[in-house]
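Okay, so here's the structure we're looking at.
The values are calculated or read from the model by the stated rules, or taken from the named source; none is laboratory data. Fair warning: this is a prediction, and the values are worked out from it, not measured in the lab. Protein only, heavy atoms only, side chains kept; ligands, DNA and RNA dropped before computing areas. Shrake-Rupley method; radii C 1.70, N 1.55, O 1.52, S 1.80 Å.
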Amino acid sequence: MSGDGSPLDKPFDCHDLRVAVVAASWHQTVMDGLLAGALDALAQHQVESPVVIRVPGSFELPVVADAVARQGFDAVIALGVIIRGGTPHFEFVSTAATDGLNRVALDHGVPIGFGLLTCDNEEQALDRAGLEGSKEDKGYEATSAALLTAATLRKIRRREHLG
Ligand code: DLZ
């Protein structure tokens, strides 16, 4: 999968959305980039006072995202970096985090910004981290996707999309 087909999103007014960012702590440099990209996207979309919660690793993202989603937030942004090692651990943590986050979104009807990088090596992760010299900014991208989805869900719930 590549980022080549990613839609460009013009920031729009989200000042009335409550948003939380849940961010893992492994691979600090990459995480710093992802978090900065997410906060930049929130600022550009005029989200006020986003809550930022740190967790140890990506495996812990779903349980904390679930607790946050129960508190009435309009969107949760999940950020993490998992780098493949020599054991099956990569698959276990990646699958648990991905499936868990998807379950949270569907169980609560709250969009989760999927800012979880699953990479073969650190170079790939740095390329997607929105740092100087990176090719992509997955923190920004995941956040703007979640905001757009939250706005769409709000319209559907107000029946604005349904006629
Ligand atoms: C244990 C582990 C390993 C090996 N690698 C990563 C990683 O690349 N990225 C990440 O976010 N977390 C990693 N972890 C930690 C697990 O996500 C989790 O925090 C621990 O297994 C404790 O539950």
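Figures for the structure shown
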item	result
Gaussian network model of the chain, springs between alpha carbon atoms under 10 Å - residue of Gly72, Gly33, Gly139 with greatest fluctuation	Gly72
Reduced Cα scattering model of the chain, Debye log10 I(q)/I(0), q = 0.11, 0.15, 0.20 Å⁻¹	-0.41, -0.76, -1.31
Backbone HN-Hα couplings from phi across region 79-87 [Karplus 6.51/-1.76/1.60, Hz, Gly and Pro as x]	10, x, 9, 10, 10, 4, x, x, 10
Accessible carbon and sulfur surface of the chain relative to its total accessible area, %, 1.4 Å	53
Two-decimal ratio, region 27-73, of alpha-carbon radius of gyration to 2.2 N^0.38 Å	1.26
Volume per residue that the Cα convex hull of region 100-160 spans, once the total is divided by residue count, Å³	75
Computed accessible area, Ile112, all protein chains, 1.4 angstrom probe, square angstrom	30
Per residue accessible area of the chain, 1.4 Å probe, in Å²	55
